[in-house]
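Novice: One structure, pasted below without further comment.
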Amino acid sequence: GRNSGLHNPMQRRISDIEWYLGYEAWRVIVCSGHMRNELMSVFGTPADKLEVIPNGVVPAPFTKGHVADIATLGFAASDEIIMFVGRLVHEKGVQVLVEAMPHVLAARPRAKLAIIGAGPFGDEVRRLVDRHALGSFVSMLGFVSDEQCTAVYRNATVAAVPSLYEPFGITALEAMAAGVPLVASAVGGLAEIVDHGRNGLLVPAGEARQLAAAILQLMGDEKLRRGLTRAASHDIRTIYDWRAIAQRTVEVYSGVLGEAREQAIADPDFSLAAAGGAMRGQGAEVAYN
C-alpha cells in the first residue's frame, strides 16, 4: 500500500520479512481496521491473530503552556491559516492541498497555507507553488520546534490531512487535540478517526476542488467549527487517551503469555524462550526496558 505495490528487490525483501514476522508472531497489533484488512489481504494473516489498537496523543502540549509567537513564522494575526503537518512524500498528499489553494484564495484572500515538515517530495512541492504563483500564500516551514508547531496549531483556522495513503494519521489526532477544525481524506485510518460531519470533514483522496470546498465550508461556518471541535475533543479524551491504549496493549501481551504458560504446562518440551514469553511465578508479566 505504501508504494502502491512492490517495485524493486529492497521493497520485496522488506515485504518478505514483514510476512515472516507476522507468520511467527502469536499476535499482531495494528493501528487501524484498514491495516488489519491490508495484512489479511496482502500477507494472509488470520483475522484471529490481529488486534486493532489505535495510536494516541497527549493533548496537554497542544492546549497549555508557552508557545512561539506566530509572527516569528511570518504570519499576521489577520491571516486565516490552513496547516499541514507531515513528511513531504507523495502519499501524504500535500500536492493536492497546494492545488486546492487557488480555489480557496478566490473566496478567502486572507488564507495562508503553512506546510510543516520535510522530505524528498519537497522540491516538487516548491515547483508546484511557483507554477501556481502561490509564493505569497504558502509558507514551507520545514522542520520546526515543538513550540513553533504548537503555535501554528493554536492559530490555525483549519488543519488539512490530504493523504493518498494513510495507515493511521496521527496528525489528525494532534489537530483534534489542539481544537483545530479538521478536514481529511477518506482513506485508511483517517476514515476511521474522522466521523464526517461530527468531529471533522472527509473528502475523496486526490480531489483538490472537493478539498478546497470543505476548507471553505469550515472557514465560513463558525457554528460548524465549534461543533466539530467539541466532538473531536470528546473523542481525544475517551478513545485516544494513552492510558486506555496502554491498558489494551498490556492485555494483549498478558493474553499471549498466559497462552504460553498453558502450553508449557501441557507440553513439557515447549520452549517459552522460543515463544518470546517470560514466566514470573504463576502469572504472566510484561517487562519494559
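No value in this document is a laboratory result; all are computed from the given coordinates. If you're wondering where the values come from, they're calculated on a predicted model, not measured in any experiment. Cβ placement follows ideal geometry from the backbone for every residue including glycine, while neighbour counts extend to all protein chains displayed.
Novice: For the ranges 120-126, 56-62, what's the packing order if you count other beta-carbon atoms within 10 Å of each residue, average per peptide, and put the highest first?
Specialist: Details: 120-126: 15.1, 56-62: 17.4.
Taking the mean over residues of other Cβ atoms within 10 Å, the ranking is 56-62, 120-126.
Novice: In addition: Based on DSSP, what percent of beta bridges with both residues in the chain are antiparallel, to the nearest 5?
Specialist: Details: 2 of 25 bridges.
Percent antiparallel among DSSP bridges in the chain is about 10.
Novice: Just to be sure I understand: with springs between alpha-carbon atoms less than 10 Å apart, which residue in Glu99, Glu38, Glu262 has the highest mean-square fluctuation in the Gaussian network model of the chain?
Specialist: Among Glu99, Glu38, Glu262, the largest GNM mean-square fluctuation belongs to Glu262.
Novice: A follow-up question, please. Size of the dipole of the chain about the Cα centre, Lys and Arg at +1 and Asp and Glu at -1 on the beta carbon, nothing else charged, in debye to 20?
Specialist: Working: 27 positive and 31 negative charges, 177 e Å.
Roughly 860 debye, rounded to the nearest 20.
Novice: Sticking with this structure for a sec: Under Stokes-Einstein, with the Kirkwood radius over Cα pairs standing in for Rh, what whole-number D in µm²/s applies to the range 25-74 at 10 °C and 1.306 mPa s? Provide the component values of the computation, followed by the final result.
Specialist: Working: Rh = 13.9 Å.
Roughly 114 µm²/s, to the nearest whole number.
Novice: Based on Cβ point charges of +1 for Lys and Arg and -1 for Asp and Glu, what charge dipole magnitude is obtained for the range 101-254 about its Cα centre, in debye rounded to the nearest 20?
Specialist: Details: 16 positive and 15 negative charges, 113 e Å.
It comes to approximately 540 debye.
Novice: For Glu262 paired with Glu222, estimate the spin-label separation in nm (one decimal), with each label point 7 Å from Cα along the Cα-to-Cβ line.
Specialist: Roughly 5.9 nm, to one decimal.
Novice: Something else about it: Once label points are set 7 Å from the Cα along Cα→Cβ at both Arg13 and His66, what is their separation, rounded to one decimal in nm?
Specialist: Going from the Arg13 label point to the His66 one covers 4.8 nm.
Novice: Same structure again: Compute the Cα gyration tensor for the range 88-236, then decide on rounded, prolate or oblate, letting a ≥ b ≥ c be the square roots of its eigenvalues: rounded whenever a/c is under 1.5, prolate when a/b is larger than b/c in the other cases, and oblate in all that remain.
Specialist: Details: a/c = 1.41, a/b = 1.31, b/c = 1.07.
The shape class here is rounded.
Novice: How do 250-257, 86-93 rank on mean C-beta neighbours within 10 Å, highest first? Kindly include the intermediate steps, with their values, before the conclusion.
Specialist: Working: 250-257: 16.2, 86-93: 20.0.
Top of the packing list down: 86-93, 250-257.
Novice: For the range 22-144, give the share of DSSP beta bridges that are antiparallel, in percent and rounded to the nearest 5; count only bridges with both residues there. Before the final figure, lay out each step's value.
Specialist: Values: 0 of 13 bridges.
Percent antiparallel among DSSP bridges in the range 22-144 is about 0.
Novice: Just to be sure I understand the rule: take each whole DSSP H helix in the chain, project its Cα atoms onto its long axis, keep it if the span is 30 Å or more and its mean Kyte-Doolittle hydropathy is at least -1.0. Which ones pass? Numbers along the way, then the final one.
Specialist: On the way: long enough: 242-266 (36 Å, -0.04).
Within the chain the helices that satisfy the rule are 242-266.
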